[in-house]
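This report refers to the structure that appears directly beneath it.
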Amino acid sequence: MTVPERWLEKHNRKLLMDRSAPGRIGASHAKLDVPESELPDAAMLRDNLDMPEVSESEIVRYFSQLSHYNFSIDHNFYPLGSCTMKYNPKINDEMAALPGLSEIHPFQPEETVQGALKLVWHLQEILAEVMGMAGTSVSPKAGAESEFAGMLMARAYHLSRGDDKRKRVLIPDSAHGTNPASAVVAGFHVVSLPTNEEGNTDLAALEAAVGDDLAGFMLTQPSTLGIFDTNLSDVIRIVRDAGGIMYGDGANLNALLGKVKLGELGFDVVHSNLHKTFTQPHGGGGPGAGSVMVSERLLPFLPEPHVTRTEDEDGERFSLSTPPQSIGKLGPFQGNFGALVRAYAYIRTLGDVGVSQISEDAVINANYILSQLRGTFDLPQDRHCKHEVVFSAKNLKDEFGVSGKDVCKRLIDYGIHPPTMYFPLPDVVEESLLIEPTETESKETLDQFIEVMKLIAKEAEEDPDLLLNAPHNTPNTRLDEALAARRPVLRWRRDD
Ligand SMILES: Cc1ncc(COP(=O)(O)O)c(C=O)c1O
């Protein structure tokens with residue numbers, strides 16, 4: 001950092017309380033023109049509260065400076081594999097903010113919110129069509145909640161047939177981590193299956209594991225290795241022949257949109273994360289929206305409320321209904337409505353040709369990075385990938401003692417958000433770097449990223465300490481992550 005940069009950094013890092021000066025205020029009040037009222041009981045008032053006393057311009061600068069410490073997709077490239085941080089068109093926010101959609105209340109009578117219900121109904125229909133399924137619920141507020149709903153439906157389906165011994169769910173080790181958690185919370189016993197050398201489901205292990213207690217099989221597609229399981233048709237046949245429900249985790253459908261209809265391949269339940277596949281500002285836990293699509297045999301079990309459409313001589317009408325054997329409510333009202341509006345706006349803006357283009361661009365971008373970084377980092381599955389590619393920094397670790405985490409920390413110095421690291425888990429891929437460029441990035445951006453990754457690999461060879469101590473250009477340098485997570489400093493104290 002240069003001297004002026006260091007000076008600026010020191011000034012900008014001052015906390016609000018440290019900018020405070022007694023008696024300084026940021027607002028002026030109008031003259032009192034109503035009778036003065038008594039203050040509450042003096043015992044309830046505190047006079048020793050440390051409150052910042054700052055001018056308006058100081059507080060505006062404070063929050064503006066603070067906002068620059070945040071990294072966002074509007075800032076620069078954000079290749080966070082599996083989390084899909086892609087550009088969120090601002091028109092989606094404008095649509096979600098329309099008063100007719102943002103100022104309605106869930107307790108309003110149905111006839112006064114017909115437009116909002118029509119939008120949800122359309123979205124349900126589009127998602128079912130895109131996935132080749134019979135129906136959709138957009139009640140879940142996250143991918144994991146969609147999985148939970150899907151597994152509850154699988155359970156309800158087996159029980160409705162008097163088949164109460166189906167307690168086992170098989171999940172490959174390349175599945176997303178929420179899959180086993182959702183199955184367990186829904187009351188199942190989970191058995192993990194290995195993936196084979198090529199990263200596909202191991203068919204021999206699957207054949208050996210199925211039986212009359214099989215409730216279902218949860219397949220993340222594309223898998224967390226970023227690849228399409230080329231054993232898929234055999235997997236579906238084996239699972240269905242054994243009486244199991246075939247579950248597809250399609251959180252990242254931006255690899256498949258317009259190309260594959262999972263329902264037509266034989267899946268019974270598929271979920272998609274609207275906040276990833278169909279854009280949505282998210283991160284840090286929300287806000288998100290899930291959607292869960294089902295085949296004909298699971299339709300009666302969909303969660304409530306479900307939006308249905310009827311038509312008579314007075315025209316069409318949309319209502320909230322409860323499917324006959326519904327698993328019940330997942331939460332209050334109609335899911336995360338604002339997120340549904342954004343997903344709908346994205347789909348309608350692109351149209352069917354544009355929606356197919358999503359998967360073409362997402363897959364080409366990921367494969368471009370794969371081809372350009374092959375040889376710089378290890379490539380555990382050297383085959384065409386889908387929307388994301390898994391590299392491994394094991395070569396740098398073995399040769400120069402530099403880990404995947406060090407590479408990620410150094411990327412921050414170049415103003416790029418690190419990819420997902422150590423996922424897939426170390427027992428599947430050592431020192432994994434899961435890179436997802438998404439469909440919305442240009443070739444120029446991808447080339448800059450590739451150039452930076454190659455520079456970092458060179459730095460690892462020439463000056464490993466540079467990586468071991470990175471980042472160097474950020475307000476906080478390398479943190480003790482365990483301490484930061486266990487003992488975060490969240491409050492200003494006068495003596496700190
Ligand atoms: C493949 C996959 N499945 C499930 C999920 C869980 O989604 P959520 O974080 O919305 O619960 C994710 C999220 O990253 C995912 O990538």
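The values are calculated or read from the model by the stated rules, or taken from the named source; none is laboratory data. Values in this document were obtained by computation on a predicted structure and should not be read as measured data. Using ideal geometry, Cβ is built from the backbone for each residue, glycine included, and neighbour counts are taken over all protein chains shown. Each accessible area value is taken on the protein alone, full model and side chains, heavy atoms only, with ligands, DNA and RNA left out. Shrake-Rupley method; radii C 1.70, N 1.55, O 1.52, S 1.80 Å.
Give the residue, chosen from R478, R486, R493, that is under 30 Å from S192 (Cβ atoms) and open to solvent by 50 Å² or more (accessible area, probe 1.4 Å).
Working: R478 fails: under 30 Å from S192 (Cβ atoms); R493 fails: under 30 Å from S192 (Cβ atoms).
Going through R478, R486, R493 in turn, just one is under 30 Å from S192 (Cβ atoms) and open to solvent by 50 Å² or more (accessible area, probe 1.4 Å): R486.
Within the group V235, V260, which residue is over 14 Å from G150 (Cβ atoms), touching a Phe, Trp or Tyr at 6+ places or on another chain (Cβ under 9 Å), open to solvent by 30 Å² or more (accessible area, probe 1.4 Å) and of a type outside the set (F, W, Y)? Outline the logic, then answer.
Details: V235 fails: open to solvent by 30 Å² or more (accessible area, probe 1.4 Å).
Selected residue: V260, the only one of V235, V260 that is over 14 Å from G150 (Cβ atoms), touching a Phe, Trp or Tyr at 6+ places or on another chain (Cβ under 9 Å), open to solvent by 30 Å² or more (accessible area, probe 1.4 Å) and of a type outside the set (F, W, Y).
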### Query
Scanning the range 98-128 for residues that are of a type outside the set (D, E, K, R) and assigned to a loop (DSSP other than H, G, I, E, B), which turns out nearest to the ligand (Cβ to nearest atom)?
P106
### Message
Looking at the structure I just gave you, is L214 within 17 Å of D163 (Cβ to Cβ) and either away from the ligand (no atom under 16 Å from the Cβ) or open to solvent by 40 Å² or more (accessible area, probe 1.4 Å) (or both)?
### Response
yes
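Which residue, of L206, L219, is modelled with pLDDT of 95 or more and under 23 Å from the mean Cα position of the chain (by Cα)? Spell out how you get there, then give the answer.
Values: L206 fails: under 23 Å from the mean Cα position of the chain (by Cα).
Within the list L206, L219, the selection yields L219.
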### Query
Tell me, which helices (runs of 4 or more DSSP H) wholly within the range 1-97 include 1 or more residues that are farther than 30 Å from P437 by Cα, aliphatic (A, V, I, L, M) and without any contact (Cβ under 8 Å) to a residue 40 or more places away in the chain?
3-12, 56-67
### Query
If we scan the range 365-381, do we find a residue that is more than 19 Å from I456 (Cα to Cα), open to solvent by 30 Å² or more (accessible area, probe 1.4 Å), at pLDDT 95 or above and of a type in the set (A, V, I, L, M)?
no
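Filter the range 456-488 for residues that are without any contact (Cβ under 8 Å) to a residue 24 or more places away in the chain and either of a type in the set (K, R) or more than 27 Å from L66 (Cβ to Cβ) (or both) and give the result. Break it down into steps so the answer makes sense when it comes.
At the first step, the residues of the range 456-488 found to be without any contact (Cβ under 8 Å) to a residue 24 or more places away in the chain are 458, 462-463, 465, 469, 476-477, 479-488.
Across the range 456-488, the qualifying residues are K458, E462, D463, D465, R486, R487.
What about D268, is it within 16 Å of the ligand (Cβ to nearest atom) and among the acidic types (D, E)?
no
Test L219 against the stated conditions and say whether it is away from the ligand (no atom under 16 Å from the Cβ), surrounded by 17 or more Cβ atoms within 10 Å (Cβ to Cβ), without any contact (Cβ under 8 Å) to a residue 60 or more places away in the chain and closer than 16 Å to A175 by Cβ.
Details: away from the ligand (no atom under 16 Å from the Cβ): no; surrounded by 17 or more Cβ atoms within 10 Å (Cβ to Cβ): yes; without any contact (Cβ under 8 Å) to a residue 60 or more places away in the chain: yes; closer than 16 Å to A175 by Cβ: yes.
So L219 does not fit the description; no.
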### Query
Is it true that L123 is in contact (Cβ under 8 Å) with a residue 40 or more places away in the chain, open to solvent by less than 10 Å² (accessible area, probe 1.4 Å) and not small (G, A, S)?
yes
#### Entry: Residue count for the range 399-456, restricted to those that are touching a strand residue (DSSP E or B) at 6+ places or on another chain (Cβ under 8 Å), in a helix (DSSP H, G or I) and open to solvent by 20 Å² or more (accessible area, probe 1.4 Å)
1
### Task
Would you check which residues across the range 129-156 are crowded, with 24+ Cβ neighbours inside 10 Å and away from the ligand (no atom under 16 Å from the Cβ) and list them?
V130, M133, T136, M153, A154
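Tally the residues that are away from the ligand (no atom under 13 Å from the Cβ) and closer than 18 Å to K329 by Cβ, restricting the search to the range 273-303. Give the derivation first.
We begin by selecting, within the range 273-303, every residue away from the ligand (no atom under 13 Å from the Cβ); these are 279, 281, 293-303.
Imposing the further condition that a residue be closer than 18 Å to K329 by Cβ reduces the set to 294, 298-303.
Number of matching residues: 7.
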### Query
If you go through the range 315-345, how many residues are farther than 30 Å from V185 by Cβ and among the aromatic types (F, W, Y)?
1
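Take the range 384-398 and flag every residue that is within 21 Å of the chain's Cα centre (by Cα) and not in a loop (DSSP other than H, G, I, E, B).
Matches in the range 384-398: V389, V390, F391.
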### Message
Condition first: open to solvent by 60 Å² or more (accessible area, probe 1.4 Å), under 20 Å from F278 (Cβ atoms) and of a type in the set (D, E). Now tell me which residues in the range 93-120 satisfy that.
### Response
E94
### Search result, residues across the range 166-195 that are in contact with a strand residue (DSSP E or B) (Cβ under 9 Å, 6 or more places away or on another chain), open to solvent by 40 Å² or more (accessible area, probe 1.4 Å) and part of a loop (DSSP other than H, G, I, E, B)
K167, D173, H176, P194
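This table checks each residue for (1) polar (S, T, N, Q); (2) at pLDDT 95 or above; (3) not in a helix (DSSP H, G or I).
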position: Q325; (1), (2), (3): yes, yes, yes
position: P332; (1), (2), (3): no, no, yes
position: A345; (1), (2), (3): no, yes, no
position: I358; (1), (2), (3): no, yes, no
